Amino acid sequence: MHFGLSETQQSIKNSAKEFFGAECPIAEVRRLAETEHAMEPKLWKKIAEQGWTGIIFPEAHDGMGLGYVEMAVAFEEMGRALVPGPLLSTLVAGSVLEHAASEDQKKKYLSAICRGEAKGTLALLERSASWNPADVKLTAANHTLTGEKLFVPDAAADFLLVAASDGIHLVPSNAAGVRIMKTPGIDLTRRLYAVTFDNVPAEPVATGARATAALEAALDIAALATAAEMVGGMQRLLDLTVEYAKTRKQFGKPIGTFQAVQHQCADMLFYLEGARAAVYYAACLLSENDPGARAAISVAKAYASDTFRLCGNSAIQVHGGMGFTWENDAHLFYRRAKASETAFGDATFHRERLAKILLD
């Protein structure tokens, strides 16, 4: 099978690379990482004006109405630029709304996301740390939430979509009874929070099988987008490492002339191209609503989770001790690798899911 981007998809890739490269140079990423939410309204407005907040959502709700290959193309470039902030978590929230919400809710919340007027996030994980919606224990008696969610990305968004034992509920982040506490995280460009709910009235979005199907669909999209981001991060790590190997000298020669260093770089390229192929294959299947899409997404996420970490290891080794100093950029991508590895299911989770899919 020969795969290549269409003219439109290549144009989107070029546009994303140019935009995020200009708006998020690494110096700006470092600056934003030190702000409260790793994002500022001015940048968020520019991102929304370019259409990235609504890339896969219908034009009827002010989205771009593009497919999952286009999403993967854009998120690869976001990963290359190490774009900070709540763009990924808002995409996940929008995906839940698209698959579960009523038309009125979509007009109110999904359209606001697409226009850049609102940010959202999905609160799923609990103390079990399971990404399986069936393991959710938080209760919502009479649409009133009581309980705790952990590792919620960007919980300071405008609203939370909360997975409860009876379905999905929507809560404004500033609602009475909602307590949001920042949690330390290895990725400095994205915020994690613990959120507790104390008899918080919530707006029902979906229940039963509809809620489960929406969560599973949104998590598949999230895993694919994350894997695409990881491909972009791997590309940037490879570029940084090769450039360093060309300029750093030992014994009067660039270290890139040493076979051991060449092997490290070759391994990084091998991992990168394998992950890229897996991601775009999964994106094609999901765009075509192919029954094999879920398995392909698990393959892509599992492989990218392993290989982004391995690329980070190699990058740090080639750079030596300075690779993890604050002044060097490699460690920022290594941090993203470790955080993305577990987001929306680590390699073990997706291998187990793949085994169940194949055995069914």
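Test of understanding: among A315, A330, which residue is crowded, with 24+ Cβ neighbours inside 10 Å, touching a helix residue (DSSP H, G or I) at 6+ places or on another chain (Cβ under 8 Å) and of a type in the set (A, V, I, L, M)?
Numbers: A330 fails: crowded, with 24+ Cβ neighbours inside 10 Å.
Result of the check over A315, A330: A315.
Tell me yes or no: at least one residue of region 3-11 is in a helix (DSSP H, G or I) and either touching a Lys or Arg at 6+ places or on another chain (Cβ under 8 Å) or of a type in the set (D, E, K, R) (or both). Full working, then the answer.
The initial filter retains those residues of region 3-11 that are in a helix (DSSP H, G or I), namely 7-11.
If we keep only those that are either touching a Lys or Arg at 6+ places or on another chain (Cβ under 8 Å) or of a type in the set (D, E, K, R) (or both) too, we end up with 7.
Yes, because at least one residue in region 3-11 is in a helix (DSSP H, G or I) and either touching a Lys or Arg at 6+ places or on another chain (Cβ under 8 Å) or of a type in the set (D, E, K, R) (or both).
With the structure loaded, tell me whether A60 is free of Cβ contacts under 8 Å to residues at least 12 places away in the same chain and either within 23 Å of I113 (Cα to Cα) or charged (D, E, K, R) (or both) or whether it fails that test. If you could, list the steps in order and put the result at the bottom.
Values: free of Cβ contacts under 8 Å to residues at least 12 places away in the same chain: yes; either within 23 Å of I113 (Cα to Cα) or charged (D, E, K, R) (or both): yes.
For A60, the condition - free of Cβ contacts under 8 Å to residues at least 12 places away in the same chain and either within 23 Å of I113 (Cα to Cα) or charged (D, E, K, R) (or both) - is met.
Scan the strands (runs of 3 or more DSSP E) fully inside region 65-158 and keep the ones with 3 or more residues being surrounded by fewer than 22 Cβ atoms within 10 Å (Cβ to Cβ).
Numbers: elements: 120-123, 139-141, 144-153.
Filter on region 65-158 gives 144-153.
Show the residue pairs meeting these rules: Cβ distance below 7 Å; 6+ apart or different chains; first residue within region 243-254 and in the same structural domain as A330 (by TED's automatic domain parsing) and surrounded by 11 or more Cβ atoms within 10 Å (Cβ to Cβ); second residue small (G, A, S) and modelled with pLDDT of 85 or more.
Here the result reads P254/A245, each pair linking region 243-254 to a residue that is small (G, A, S) and modelled with pLDDT of 85 or more.
Residue-by-condition table, conditions (1) at pLDDT 95 or above; (2) farther than 25 Å from C24 by Cα; (3) of a type in the set (S, T, Y):
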| residue | (1), (2), (3) |
| --- | --- |
| M268 | yes, no, no |
| G292 | yes, yes, no |
| R309 | yes, no, no |
| G320 | no, yes, no |
| R336 | yes, no, no |
| L359 | no, yes, no |
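One line per residue, one yes/no per condition, for (1) at negative phi; (2) among the hydroxyl-bearing types (S, T, Y); (3) over 17 Å from the mean Cα position of the chain (by Cα):
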{"residue": "Q9", "(1), (2), (3)": "yes, no, yes"}
{"residue": "G21", "(1), (2), (3)": "yes, no, yes"}
{"residue": "A38", "(1), (2), (3)": "no, no, no"}
{"residue": "G54", "(1), (2), (3)": "yes, no, no"}
{"residue": "V96", "(1), (2), (3)": "yes, no, no"}
{"residue": "E103", "(1), (2), (3)": "yes, no, yes"}
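Only one residue in A228, A211, A218, A206 is in contact with an Asp or Glu (Cβ under 7 Å, 6 or more places away or on another chain) and either assigned to a strand (DSSP E or B) or under 26 Å from A296 (Cα atoms) (or both), so which one is that?
Working: A211 fails: in contact with an Asp or Glu (Cβ under 7 Å, 6 or more places away or on another chain); A218 fails: in contact with an Asp or Glu (Cβ under 7 Å, 6 or more places away or on another chain); A206 fails: in contact with an Asp or Glu (Cβ under 7 Å, 6 or more places away or on another chain).
Selected residue: A228, the only one of A228, A211, A218, A206 that is in contact with an Asp or Glu (Cβ under 7 Å, 6 or more places away or on another chain) and either assigned to a strand (DSSP E or B) or under 26 Å from A296 (Cα atoms) (or both).
Just one of (1) out of contact with any Lys or Arg (no Cβ under 6 Å at 6 or more places or on another chain); (2) free of Cβ contacts under 8 Å to residues at least 60 places away in the same chain trips up A302, so point out which.
(1)
Confirm whether R294 is in a helix (DSSP H, G or I), surrounded by fewer than 24 Cβ atoms within 10 Å (Cβ to Cβ) and either touching a Ser or Thr at 6+ places or on another chain (Cβ under 9 Å) or among the aliphatic types (A, V, I, L, M) (or both). Even if it seems obvious, please write down each step before you answer.
On the way: in a helix (DSSP H, G or I): yes; surrounded by fewer than 24 Cβ atoms within 10 Å (Cβ to Cβ): yes; either touching a Ser or Thr at 6+ places or on another chain (Cβ under 9 Å) or among the aliphatic types (A, V, I, L, M) (or both): no.
When the stated conditions are applied, R294 does not pass them.
Select from region 174-191 the residues that are assigned to a loop (DSSP other than H, G, I, E, B) and crowded, with 19+ Cβ neighbours inside 10 Å and list them in ascending order. If you could, list the steps in order and put the result at the bottom.
Filtering region 174-191 for residues assigned to a loop (DSSP other than H, G, I, E, B) gives 174-177, 184-191.
Correct list: D187, L188, T189, R190, R191.
The values are calculated or read from the model by the stated rules, or taken from the named source; none is laboratory data. Bear in mind that the values here come from a model prediction, so they are computed numbers and not experimental data. Heads up, the Cβs are rebuilt from the backbone with ideal geometry, glycines too, and the neighbour counts pull from every protein chain shown.
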